[in-house]
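> So that we are looking at the same thing, I have put the structure below in structure tokens.
The values are calculated or read from the model by the stated rules, or taken from the named source; none is laboratory data. Because the structure is a prediction, the values reported are computed rather than measured. Counting neighbours? That spans all protein chains shown, and the Cβs are built from the backbone with ideal geometry, glycine included. Ligands, DNA and RNA are excluded from the accessible area calculation, which covers all protein heavy atoms including side chains. Shrake-Rupley method; radii C 1.70, N 1.55, O 1.52, S 1.80 Å.
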Amino acid sequence: SIDPYSFAEKAKEWGFTGLEYVSQLYNPELSDANYSEEAMAAFVSKSNAEAKKHGMKNVLIMIDGQGNLAADDEAERNETVEKHKRWVDAAAAMGCHAIRVNLNGSSDPEVWKKNSVDGLTKLGNYAKTKNINVLVENHGGLSSNGALHAEVMKTTNMDNVGSLPDFGNFCITRKADSWDCAVEYDKYKGVKELMPYAMAVSAKSNNFDAQGYDTGIDYVKMLQLVKDAGYTGFVGVEYEGNELGEEAGIKATRDLLIKASKEIE
């Protein structure tokens, strides 16, 4: 409910140094203008001004609602690539190193892999001209199958196309008429499979016990996997719990990351 242009100020107050942006939070401002050059330029300008004012580093932009990069129809995939190009341009203008994309599309694993490689290669080739990385998050569907996701990364085989492992997004299919998960991939196996391609990491959290540990994810185990992969970039905080308010949940996740990082080898 808050103004997304206040994120830099709040993140600074809470002890963070980097910012990840979420494209859909800037709607209807951008969507009503059909993501015109003028609207995108205003978004970039305002975001850069706030980041500079509060001494924050722009890290990446997460892109949602811009089409399916792994759609069965090639024309739809191509249209999706075109829609993502404006976000590549925005990321470059903001000094980000990457955009995060989703690989929504076919439910057939072999078809999905083929479509994914096609969409990522086309977008990756454009992003390379802007010195931007294209990162795929495990974000439901077949992208939450760590082994399949890693195969797509390996087959695409581009220096600027990688993964963004999220500690908690490993639900492959949900129950009918419910957000409850029906088929879930092993989250630790999945993160381990995706870390060799990782250029960003998302620390998903939900609820916490009395000692401040997440009740559903072993953060010490997760951070050990991240460290063992040689990752040294930012770790993004994403609180999705319902027991704490947004600010308290974000701070609890931040504190848990710091605490768990001291417990790994």
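> Less than 27 Å apart at the alpha-carbon level, and either on another chain or at least 8 residues along: which lysines does that give for Lys53?
Reachable lysines: Lys10, Lys12, Lys130, Lys251.
> Figure the gain on full extension for Lys10 and Thr155 (residue separation times 0.36 nm, minus the Cα-Cα span) and round it to one decimal in nm.
48.2 nm
> I've got another one for you. Quick one: if you stick a label point 7 Å off each Cα along the C-beta vector at Asn125 and Asp255, how many nm between them?
5.1
> For segment 66-111, give the percent of accessible area contributed by carbon and sulfur heavy atoms, probe 1.4 Å, rounded to a whole number.
Carbon-and-sulfur percentage of accessible area, whole number: 42.
> Related question: Roughly speaking, to the nearest percent, how much of segment 115-194's 1.4 Å accessible area is carbon and sulfur?
Carbon plus sulfur share of accessible area: 48 percent.
> With the full set of protein chains in place, find how many percent of the accessible area of segment 207-265 is carbon and sulfur; take the probe as 1.4 Å.
49
> Further question: Can you give me the long-range amide H partners of Val201? Hydrogens built in the peptide plane at 1.01 Å from N, cutoff under 5 Å, separation of 5 or more residues or another chain.
Gly236
> Let me ask something else about it. Give the long-range amide H neighbours of Val161: residues separated by 5 or more places, or on another chain, with amide H under 5 Å away, using H modelled in the peptide plane at 1.01 Å from N.
Those qualifying (amide H under 5 Å, at least 5 residues apart or on another chain) are Val134.
> For segment 122-181 and segment 38-54, what is the separation of their Cα centres, given in Å?
27
> Further question on the same structure: Which residue, Ser143, Ser202, Ser178, has the most motion in a Gaussian network model of the chain that connects Cα atoms within less than 10 Å?
Ser178
> For Lys259, Lys175, give me the order by solvent-accessible area with a 1.4 Å probe, most accessible first, ignoring ligands, DNA and RNA.
Lys175, Lys259
> Would you kindly calculate the translational diffusion coefficient of the chain, applying Stokes-Einstein with the Kirkwood radius from alpha carbon pairs, for 4 °C and a viscosity of 1.567 mPa s, and quote it in µm² s⁻¹ without decimals?
Value of D from the Cα-based Kirkwood radius: 68 µm²/s.
> If a/c stays under 1.5 just call it rounded; otherwise compare a/b with b/c (prolate if a/b is bigger, oblate if not). Do that for segment 214-265, with a ≥ b ≥ c from the square roots of the Cα gyration tensor eigenvalues.
prolate
> With every protein chain present, what accessible area does Glu74 have (1.4 Å probe, heavy atoms only), rounded to the nearest 10 Å²?
90
> When ligands, DNA and RNA are left out and all protein chains stay put, how many square angstrom of accessible area per residue does the chain have with a 1.4 Å probe?
Counting only protein heavy atoms, the per-residue value for the chain is 48 Å².
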